[in-house]
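For reference, the structure discussed in these notes is given below.
The values are calculated or read from the model by the stated rules, or taken from the named source; none is laboratory data. As the structure is a computational prediction, the values presented were derived from the model and not from experiment. Cβ coordinates were reconstructed from backbone atoms using ideal geometry, including for glycine residues, and neighbour counts include every protein chain displayed. Note: areas computed on protein heavy atoms with side chains; ligands, DNA, RNA excluded. Shrake-Rupley method; radii C 1.70, N 1.55, O 1.52, S 1.80 Å.
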Amino acid sequence: MNNSLIDYVLHLADNSLILAQRNAEWCGHGPILEQDIAITNISLDLLGQSRNFYQHAATLIGNDATEDSLAYLRTEREFKNCLLVEQPNGDWGQTILRQFFFSAYQFLLYEKLQAHKDEQLAAIAAKALKEVTYHMRWSSEWVIRLGDGTTESHERMTKAIDELWRYTGELFMAADYEKKSGIDVSLLKDVWMKKVESVFEEATLSVPEKTFMQNGGKTGVHTEHLGYILTELQYLQRTYPGAEW
Amino acid sequence: MKIHISKYYYGDIPEEKAGGFQDQKSNVDKNSWPLWEVFVRSKQGLDHKHVGSLHATDPVMAIENARDVYTRRQEGVSIWVVESKFITASNPEEAGELYEPAADKIYRHPTFYELPDEVGHM
Amino acid sequence: MPLQDLEKIFEDKIENEIKIEPKDWMPDAYRKTNIRQISQHAHSEVVGMLPEGNWISRAPSLKRKAILIAKVQDEAGHGLYLYSSAETLGSSRDEMVADLHSGKAKYSSIFNYPSLTWADMGAIGWLVDGAAILNQVMLCRTSYGPYARAMVRICKEESFHQRQGFESLLVLSRGTDEQKAMCQDAINRWWWPSLMMFGPRDSESTNSDQSMKWKIKRKTNDELRQQFVDMAVMQVKVLGMTLPDPYLKWNEERKHYDFGEINWDEFWNVVKGNGPCNKQRLAARNKAHDEGAWVREAAIAYAEKKSNQNKQEAA
């Protein structure tokens, strides 16, 4: 059994699941019906990706592992998602900025993952890439719209950048399992930065100066938010162990 | 014309029966987004068909919203959007002069022509 | 054209099952009735997202989570189709939404009940969507064209809603004792409110019913309610559960099930705003709308800015 590959697949799964869970909080509370539907679609796409990854991880792990045992019965310290995706939704600006940062990263990542030597992983990435391409387009348009919209929206976006920028560095700091079984994320950084710069320029927003970057999520050292996310997410499975739903 | 509406149905509760808390905040949004009509081609080879409308600020957003709203179940391969205010519709009262003249031009329809069987399918 | 002639043309169309379309002449009251009914129906879809959205974060499996998100999202879509058809009658979505938020417009009272356990997701799907579908199937033949077409689209999508709800209850009914109890409890709480969804009894009204004459509505409340009860009695047996009504009994003469009296005080109280969640539901809608104001404003400002720039470049 290849432990680093399992960890890597779980990391990919956790990223998608936690962001799906966050985005789904908007369902029924969006700024306008059309966008409520749009953000929910993205949530569904991410949830679908996470299920594919968990199912693959379950196969690699064997025994009785299932997508649900992996999503519902691991603890805070076992989750390997990056810190960015667990950050609170904040306002619509913060949510779409988080989406943009992450989708731009996922896009580059999945492009490379399509050629991974693990065929199943490559296939999942290839399928997800189409979705992510759309997420990136949708979220960059929103960043531009709000950055260059009104004075208020510009201020809110500036605040959102201030809030989230420090969690973007971790995306490109490889954990051990990434080095062994994944792809070299540090190589994606420059392209990602170019994308961010071009979108920010059109949005009349500025890229922050040198900021200290937080990290730890990939190895299970999270912000305090994750505990609450898992508390809700896992509640029924924890309360009624072994029940079928 | 005397109107009595005396039955109340699902999603149809008459206002006079309604009470409760009204916070009297009835300001219509001044930043309302324009209305767009959406046409979807369900598969290659078919016409675009009107499916409904939605709100969006620009054509790109209208297409994206249409994708999310009207093709959640792979109902389309192509989408047209047009801002509703640019649609000119014929007036139903003129339906007589617009469409009825065509009713007696049966020579426009292929079945008007009887051909011998030997011609085969034409 | 004189008014009597227009009325005659309109009545003839109704008589001959020809749909009324947006630009056709129609009596004012027909227009108003449709706007009210369609917009209330739209509001019901949108407010209806809240009790179910409430359980998305806690859904017990990834599969159930995906189904629930898709379902609640469908409801947003249905609300949108309905607003869109009401807009063809000359009422803007903003106006309709403002009426909802001020408490002036109503929505289906069922959504003022709380969703307390996971089993409620199943019960809502089976009973609430089941009741709604009976109405909606009937409305596919309603006389106003855009409303009928929206309903056709909605019915096509709704069929999965009731099925997933029932299937979800079926799993609980075959599960642990705790799950069985959860299932029965949810049925007990949602049964009577579901019957109330069909509205007051036919005998309550003595006047002629214009909605039926205009073929906006095609079956009476009691006809639909009876149809619903007859179906549910059969289905609850499959679940091995019971319906909370001691008077439920087959009536050989009527070839229908008799059932007990609905608590009409409760019904009107909830309509009037005193349901367990009226306040929370409206507050949640208002909050979403208010907190979205800057987003809508910025998006329109950006679009205007861009369109002006394009004009300048073209000049």
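Here are some notes:
- Counting the residues of the stretch A:45-104 that are under 13 Å from the mean Cα position of the chain (by Cα), under 30 Å from residue C:297 (Cβ atoms) and in a helix (DSSP H, G or I) gives 15.
- Contact map, the stretch C:169-182: first residue closer than 17 Å to residue C:59 by Cα and in a helix (DSSP H, G or I), second residue among the polar types (S, T, N, Q) and open to solvent by less than 50 Å² (accessible area, probe 1.4 Å), Cβ cut-off under 7 Å, separation 6 or more or different chains; pairs are C:172/C:179; C:182/C:117.
- Test for residue C:57: is it open to solvent by less than 10 Å² (accessible area, probe 1.4 Å) and part of a helix (DSSP H, G or I): no
- Only one of the numbered conditions (1) polar (S, T, N, Q); (2) over 17 Å from the mean Cα position of the chain (by Cα); (3) at the interface with another protein chain (Cβ under 9 Å from one of its Cβ atoms) is not met by residue C:117, and that is (3).
- Top-ranked residue in the stretch C:257-300 [being over 18 Å from residue C:100 (Cα atoms) and charged (D, E, K, R); ranked as farthest from the other protein chains (Cβ to nearest Cβ)]: C:258
- Annotation note: of A:72, A:105, A:54, the sole residue that is under 23 Å from residue A:173 (Cβ atoms) and of a type in the set (Ser, Thr, Tyr) is A:105.
- Those residues of the stretch C:187-217 which are open to solvent by less than 70 Å² (accessible area, probe 1.4 Å), more than 23 Å from residue C:115 (Cβ to Cβ) and within 11 Å of chain B (Cβ to nearest Cβ), in sequence order: C:200, C:202, C:205, C:208, C:209, C:210, C:211, C:212, C:214, C:216, C:217
- Single condition residue C:287 does not satisfy, out of (1) under 29 Å from residue A:25 (Cβ atoms); (2) open to solvent by less than 60 Å² (accessible area, probe 1.4 Å); (3) not aromatic (Phe, Trp, Tyr): (2)
- Criterion (of a type outside the set (D, E, K, R), over 23 Å from residue A:235 (Cβ atoms) and surrounded by fewer than 24 Cβ atoms within 10 Å (Cβ to Cβ)) met by exactly one of A:56, A:29: A:56
- Flag if residue C:247 is more than 11 Å from chain B (Cβ to nearest Cβ), more than 25 Å from residue C:162 (Cα to Cα) and hydroxyl-bearing (Ser, Thr, Tyr): yes
- If you go through the stretch C:102-111 and keep only what is at the interface with chain B (Cβ under 10 Å from one of its Cβ atoms), over 26 Å from residue B:85 (Cβ atoms) and in contact (Cβ under 8 Å) with a residue 40 or more places away in the chain, you end up with C:103, C:106, C:107, C:108, C:109, C:110.
- Any chance residue B:75 is assigned to a loop (DSSP other than H, G, I, E, B), open to solvent by 30 Å² or more (accessible area, probe 1.4 Å) and either modelled with pLDDT of 90 or more or of a type in the set (Asp, Glu) (or both): yes
- Any hit, the stretch C:94-110, residues being among the polar types (S, T, N, Q), buried (at least 23 other Cβ atoms within 10 Å of the Cβ) and outside any helix (DSSP H, G or I): yes
- Total residues in the stretch C:49-77 satisfying the condition of being more than 9 Å from every other protein chain (Cβ to nearest Cβ) and touching a His at 6+ places or on another chain (Cβ under 9 Å): the figure is 1.
- For the stretch C:20-48, filtered to residues that are outside any helix (DSSP H, G or I) and facing chain B (nearest Cβ under 9 Å), the residue that is farthest from residue A:243 (Cα to Cα) is C:25.
- Condition met for residue C:264 (over 24 Å from residue C:114 (Cα atoms), out of contact with any strand residue (DSSP E or B) (no Cβ under 6 Å at 6 or more places or on another chain) and among the aromatic types (Phe, Trp, Tyr)): no
- Within the stretch A:132-245, helices (runs of 4 or more DSSP H) holding 2 or more residues that are without any contact (Cβ under 8 Å) to a residue 40 or more places away in the chain and open to solvent by 80 Å² or more (accessible area, probe 1.4 Å): A:151-164, A:189-202, A:225-239
- Checklist (1) at the interface with chain C (Cβ under 7 Å from one of its Cβ atoms); (2) open to solvent by 10 Å² or more (accessible area, probe 1.4 Å) applied to residue A:37, failing item: (2)
- From the list C:7, C:17, the one residue that fits, being at pLDDT below 95, over 13 Å from the mean Cα position of the chain (by Cα), part of a loop (DSSP other than H, G, I, E, B) and among the acidic types (Asp, Glu), is C:17.
- Selected residue (only one of C:139, C:127, C:134, C:169 is in contact with a Cys (Cβ under 8 Å, 6 or more places away or on another chain) and either under 30 Å from residue A:241 (Cβ atoms) or within 10 Å of another protein chain (Cβ to nearest Cβ) (or both)): C:169
- Enumeration of residues in the stretch C:78-92 that are more than 8 Å from chain A (Cβ to nearest Cβ) and either open to solvent by less than 10 Å² (accessible area, probe 1.4 Å) or in a helix (DSSP H, G or I) (or both): C:78, C:81, C:82, C:84, C:85, C:86, C:87, C:89
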